[in-house]
Structure formats: structure tokens, C-alpha cells
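Report on one structure; see the data block that follows.
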Amino acid sequence: MLPNPPHGRAPAGVRMPLRAGLSESHERAKLAARGINARLRVGLMPCDVSSLHVFWRTFGERHPEFELRVRNVPFTDPFGGLRRGENDALVTWLPVDDPDLVVGPTLLTDPRVLAVSDTHVLAKRSDAGAEALADLAHVSFPHLPEAWEDAYLPFRTPSGRTIERVERWRTPTSSCNSWLWVRSSIRSLRT
């Protein structure tokens, strides 16, 4: 039994769930008025978003009863939204080797590129073999799933040479040596 609140007001612990329930009911009513009775929340890793518009459009045509919400997810926690129930699905890079996640169909593929500054020794070349990567320092991203790091830039060349990783720069002044570094990436992430 709750004590009688002063001035006839319910305690905050009672009001907050009621307010949340009313907000949720109001949101469902607004969706229903538009003929929508469900929502699909899709997390999206930064990639070639324009290539995915055909999927969003097709989904909307086939399932008009759904509201589709697409939102970016961070590199530092790509699968967290799925695990917390904030997203229903995730468009992301392979490989995904987490045992609690299921991989669906491939929506698109993107060729790999080697990102270097325009003054880098490799900038004038049209390609670079895997063995050349061992001669260079590569930018490493903290908290990136290890399976991704190894898939995009293996830790060893085919002949067994170590491919060096360096931490990304932390301050504007420490980026002055960035012309020495390279980064294996995908084409749609070009700047």
C-alpha cells in the first residue's frame, strides 16, 4: 500500500510508468491512424547507404503496415543495439562470429581499398599486394571486433610477415605523421 501523497499527487515512482504507458499508447494510436500496426527498427553500419534505398523501398511496398526506422550504429558497439532490443535487425559487415547472432542474406558487397594520403609512396600505384602491407604502419581502431580487423587487414601476410598496427591519433597535433599510415577499408567509406 502506498502512502497518501501530499496534495493528491501520486509519487514519481507511480507517475513515470503511467506516463510511459500513455506515451506508448499515443504512439501506437498515431501509427494506427496511418494504417501502420508495426515498426521495424534497422541498425546500419556506415556504408554505401544509397545502394540500400532499393531494399527500403521494396520493403515498404511489400509491407505497408510497417513503419521502417533506419538508424546508424557506432563502430564501438555495433551489436549492442540488437542485444539491448533497440534494433530488430542490423545491416553490417561480415564476418559476424558472435554465437548469439544469426547472419541473414548478403544485401551488397563492397571492394576493399587501401586508403593513403596523396603524398604516400603507394598513392601513385593502382594496387598493392598483401606482402607490401607488412612494410607499412596501419591505423588500428580500438573496440573494433577482432574478426573484422582480421578480415579487412589480416595480422600476417600470406608469407607470415607481421602487419604492424598503430593506435589512431588522439590529438590534432599527433595527426601530423598520418601520411606514414595506411588503412585497409571498403570503397564506400571514401571521403
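Read-outs: derived from the displayed coordinates by stated rules, not from any lab. All values derive from a computational prediction rather than experimental measurement. Backbone-built Cβ (ideal geometry, glycine too); neighbour counts: all protein chains shown.
Fewest-first ordering of HIS138, HIS53 by other beta carbons within 10 Å of each residue's beta carbon gives HIS53, HIS138.
Close amide H pairs (under 5 Å, H built 1.01 Å from N) link LEU44 with ARG71, ASN72, VAL73, VAL91, residues at least 5 positions away or on another chain. Amide H to amide H distances under 5 Å link ILE163 with ARG156, THR157, where only residues 5 or more positions off or on other chains count and H is placed in the peptide plane. Fewest neighbouring Cβ atoms within 10 Å first, the residues THR76, THR92, THR119 line up as THR119, THR76, THR92. By the beta-carbon count within 10 Å of each Cβ, the least crowded to most crowded order of PHE59, PHE79, fewest first, is PHE59, PHE79.
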